[in-house]
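Taken together, the values in this text are just the output of simple stated rules run on the coordinates, not laboratory data. Keep in mind it's a predicted model, so treat the numbers as computed, not measured.
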Amino acid sequence: MNTPERHPPGLADLRQLRQFIVVAEELNFRRAAIRLCMTQPPLSTAIRRLEETVGTPLFQRTRSSVSLTPAGVVFLREARYLLRQAEMSVAAARAATEGAREILRIKSIDSAMLNLLPEWLERFCAVEAGIRVSLTTGSSQDVISAVEGGSIDVGVCVPGGASHPQLRTFPFGRERFCLAVHRAHRFAGLGRVGLPDLAGEQLVTHYPHAASPGYHAAVSVALQQTGAHVHVHQSETHLLATLGLVRLGVGVALIPDSTRRIAMDGVVYVEVVSGQGEAVTYPIVLAMHHGGASAAAMRFCEFVRQDGDPGARRQGSG
């Protein structure tokens, strides 16, 4: 008689992960048990066994509250990722059986979606006809969180800020800055503006620090080249909101050059250069999960890597 195969010591099964995630989301064992269609005592027992397996408490329990421990916060992120990977594996197997195409899920900063990313995807899909691409946009922090959480396969973002050991990044290109001004602004009739000329201007910036630390740092470095004070009026997460404020005459905007592809009445785009007349640029990278990237993600990143650094060709082209 064959005995049931047991999980090796130190490994949690998918049911335990689901239970843990629900308790972590509810921070209440009674509500979590209702969501899981089970009673509370078995759920409490299951979580205690999971903590024994992990070797450390995942929840801090008091008479009136339940909260995640530092280890629990880390385990929640990993548990969500593992559960999504398991769901993706099932979906991929079913798709293969049904003859469906492989899905490549990409989340990108909006400026890269205007030209850089579509150009690469057109070339990639020309040689990978079996790939179906799913696209969403967000800030660099949104992109990083989505890659770490496993809800997307590849992210396109501006590097910078905190370390992210779960991610692997690859050079994807360089974007240059341009200036968006109101059509009645003194810069509107100029073909080129130097950063020192921005001294004293009211500036509307694209992406606050919390949304994209790397982009914010690139803007800060550029503004240091003005050699004088620039008044930063406000930061907007969305490009269209930034352009809307420019049209209202709130200020000028230092934004990605690819934004030129968005036509808005009353807004004029002007080339901006350093005090030495050079293009002012910042890097864009591809990001994927270090330990669990999909096959489609790895093929796309390898396609970009083998073709060389696209930034060498794209610098200054938006």
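Amide H neighbours of ARG132 under 5 Å, counting only residues 5+ apart in sequence or on other chains, H built in-plane at 1.01 Å?
Those qualifying (amide H under 5 Å, at least 5 residues apart or on another chain) are GLU102, ILE103, LEU104.
With axes computed from alpha carbons, what is the tilt in degrees of helix 70-98 against the longest principal axis of the chain, rounded to the nearest 10 within 0 to 90?
So the inclination is approximately 90 degrees.
Tell me, what ³J(HN,Hα) does each residue in the stretch 35-41 have, in order and in whole Hz, if you take phi through Karplus 6.51 cos²θ - 1.76 cosθ + 1.60 with θ = phi - 60° and put x for Gly and Pro?
Karplus-based 3J(HN,Hα) across the stretch 35-41 equals 4, 8, 6, 9, 8, 6, x Hz.
What translational D, rounded to a whole number of µm²/s, comes out for the stretch 174-281 from Stokes-Einstein when the hydrodynamic radius is the Kirkwood one over Cα pairs, at 20 °C and 1.002 mPa s?
In µm²/s, the coefficient rounds to 159.
Starting from the Cα coordinates of the chain, work out the convex hull volume and express it per residue in Å³.
Normalising the Cα hull of the chain by residue number yields 197 Å³.
Show that you can apply the helix-only estimate: for the chain, add -39,500 (n - 2.57) for every DSSP H stretch of four or more residues, divide by all residues, and state [θ] at 222 nm to the nearest 500.
-12500 deg cm²/dmol
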